[in-house]
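I have placed the structure first, in the form of structure tokens, so that the comments after it can refer back to it.
The values are calculated or read from the model by the stated rules, or taken from the named source; none is laboratory data. It should be emphasised that the depicted structure is a prediction, and the values quoted were computed from it without experimental measurement. No Cβ is skipped: glycine too gets one built from the backbone with ideal geometry, and neighbour counts run over all protein chains shown.
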Amino acid sequence: MALADDITRDIMLVWMREQARPALREIKAAVREDGFARAERLAEAITFRPVEPLAPLIEAKVEAAFTAGALNFARIAKRDPARVDAEFAIKSASQQLLTTLTSTGEAAITKRVQKVLSEAQDGLVQKAEIPGLAVKLNRAVATGGRAIVSMSANLTTTRMAALGSLLEAEGQGFGTYQIQEHIQEDIDAVCRGMHGKTFNTREGMDVYMRQLSENDPAALKATFPFPRGSRDGLQLLASLSDADLSGRGIVGPPYHPHCRGIIVPADTVPTSELVSFAALLGQAEAAGTAGALATIGE
Ligand SMILES: [Zn+2]
């Protein structure tokens, strides 16, 4: 979704300016002056803090994702959008996104920068000027930062758009809703099987509210693990009824980062497009290898 890219770009710009560039300047100076011990300590100071300048930005973007979901649902339902009070959900989602960036960002970026430093130290510690070090450090920070922001923003955007759709569904009196995936050749098995499934609007809302209110990324992962498209994963999914799926919090996208599924009014997806998990499992087994199906990443 374009909005997630937009969030990524804006967060990266603020973060690079406020945090990453000043830290990198210090690290490079430390390498030139006292060598590597100080530089490695400084690498630990690259985090997504200070988050202050990011907070209002994230809140605005999260709200945009929510509104986009609500409007999209209303457009497909061809009715006027209902007024929904989403303040709590937006605040929770913004907080969750900030927490995820801060806690997972710190460790990942530190590791990348320290790797560059230790490689430089191993090979070139005697030289006053280390060729390419600045470029490698910049790349380690920018690439690491982008990966984390992009994934976190993308998951949050998808969940916010889904919640916006569901609050709209509830406002308009839709007791159930349907999942619509973007069907394409390389679609992963979980998304393919979820395409067209129908769930209860209230139950769906409860799940998304719980997900978006969870500020601890580890707890979120433990409570709502992504369903897997491996053979074992499909075997499990094939054994679950739709009520079981809902009970496990599998009520809609995302099932993986960069999931393109959305929430639509019930009876939008043609029945002919539905494929059961049992059928997908059968296809995987007929193909002789579960590896033929994409395994869902963390
Ligand atoms: Zn998907």
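For VAL190, are the conditions met, namely being under 15 Å from LYS28 (Cα atoms), assigned to a helix (DSSP H, G or I), of a type in the set (Val, Ile, Thr) and out of contact with any Asp or Glu (no Cβ under 8 Å at 6 or more places or on another chain)? No: the conditions fail for VAL190. Picking from residues in region 60-104 that are surrounded by 16 or more Cβ atoms within 10 Å (Cβ to Cβ) and aromatic (Phe, Trp, Tyr), the one that is farthest from GLN172 (Cα to Cα) is PHE66.
Of all residue pairs spaced 6 or more apart or on separate chains, those with beta-carbon atoms under 8 Å, a first member in region 87-104 that is assigned by TED's automatic domain parsing to the domain that holds THR67 and a second member that is of a type in the set (Phe, Trp, Tyr) and at pLDDT below 90 are LEU98/PHE48; LEU101/PHE48; THR102/PHE48. Restricting ILE250, ILE179, ILE262 to those that are closer than 30 Å to LEU98 by Cα and touching a Gly at 6+ places or on another chain (Cβ under 7 Å) reduces the list to ILE179. Filtering region 212-240 to residues that are of a type in the set (Ser, Thr, Tyr) and modelled with pLDDT of 95 or more leaves only SER239. Inclusion of ARG210 among residues that are in a loop (DSSP other than H, G, I, E, B), basic (Lys, Arg) and under 28 Å from THR104 (Cα atoms) is not warranted. Scoring THR223 on the criteria (1) β-branched (Val, Ile, Thr); (2) surrounded by fewer than 17 Cβ atoms within 10 Å (Cβ to Cβ); (3) within 16 Å of the ligand (Cβ to nearest atom) leaves a single failure, condition (3).
Among the residues of region 211-250, those identified as aliphatic (A, V, I, L, M) and under 16 Å from the mean Cα position of the chain (by Cα) are LEU212, ALA218, ALA219, LEU220, ALA222, ILE250. Filtered by the rule that a residue be in contact with a Phe, Trp or Tyr (Cβ under 9 Å, 6 or more places away or on another chain), away from the ligand (no atom under 16 Å from the Cβ) and closer than 19 Å to ASP242 by Cα, region 168-188 gives PHE174, THR176, TYR177.
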